[in-house]
1. Going residue by residue through region 88-111, is there one that turns out to be touching a Lys or Arg at 6+ places or on another chain (Cβ under 8 Å) and in a loop (DSSP other than H, G, I, E, B)?
2. Does region 57-80 hold any residues that are surrounded by 10 or more Cβ atoms within 10 Å (Cβ to Cβ), of a type in the set (S, T, N, Q) and assigned to a helix (DSSP H, G or I), and which are they?
3. Filter region 31-56 down to the residues that are among the polar types (S, T, N, Q), assigned to a loop (DSSP other than H, G, I, E, B) and surrounded by 15 or more Cβ atoms within 10 Å (Cβ to Cβ), then identify the one that is farthest from the chain's Cα centre (by Cα).
4. Looking only at region 81-97, decide whether some residue is in contact with a helix residue (DSSP H, G or I) (Cβ under 7 Å, 6 or more places away or on another chain), modelled with pLDDT of 85 or more and surrounded by fewer than 15 Cβ atoms within 10 Å (Cβ to Cβ).
Amino acid sequence: MFLIWLFYALPVTIVSGLSGSLYLFANESVDSPVVATTSGKFAGFTIRQTNVWVGIPFGAPPVGALRWQKAQPYVVTDSQNDIIRNATYYSPFCPQIDRGDNTSGPFNEDCLYL
């Protein structure tokens with residue numbers, strides 16, 4: 001059990017605690033990896049020969065009439081079709097109940113991102 005924690009949980013905890021600063025470890029390369037998804041095209045970064053993309057939307061923003069409803073698919077607008085968007089930083093966190101722990105960082109209702 002300790003080995004699972006050591007090799008999986010600890011690195012994930014450390015990386016997730018960077019609050020969007022993961023790109024600091026990115027390879028300084030001019031050629032960013034680009035991926036085409038149903039949410040559009042995104043440029044990521046490379047860490048130790050692994051391509052990484054973060055902050056890719058998977059659902060429509062749950063604001064206004066969509067608040068408290070089932071998540072709707074993300075719709076790519078015509079203006080976003082040919083644009084390669086930046087996927088090198090995490091999106092804001094979903095608002096949470098303050099439980100006294102560290103809740104610093106940006107929060108936003110529009111938080112349906114991978």
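The values are calculated or read from the model by the stated rules, or taken from the named source; none is laboratory data. Not measured: the values here are computed from a predicted model. Using ideal geometry, Cβ is built from the backbone for each residue, glycine included, and neighbour counts are taken over all protein chains shown.
1. Taking region 88-111 first, the residues touching a Lys or Arg at 6+ places or on another chain (Cβ under 8 Å) are 109.
Going one step further and asking which of them are in a loop (DSSP other than H, G, I, E, B), we end up with 109.
Yes, some residue in region 88-111 is touching a Lys or Arg at 6+ places or on another chain (Cβ under 8 Å) and in a loop (DSSP other than H, G, I, E, B).
2. GLN80, the sole residue that qualifies.
3. Initially, region 31-56 is screened for residues among the polar types (S, T, N, Q), giving 32, 37-39, 46, 49-51.
From the residues that got through so far, the ones that are assigned to a loop (DSSP other than H, G, I, E, B) too are 32, 38-39, 49.
The next check asks that each one be surrounded by 15 or more Cβ atoms within 10 Å (Cβ to Cβ); those that pass are 32, 39.
Values: SER32: 16, SER39: 13 Å.
Going through the qualifying residues, I end up with SER32.
4. yes
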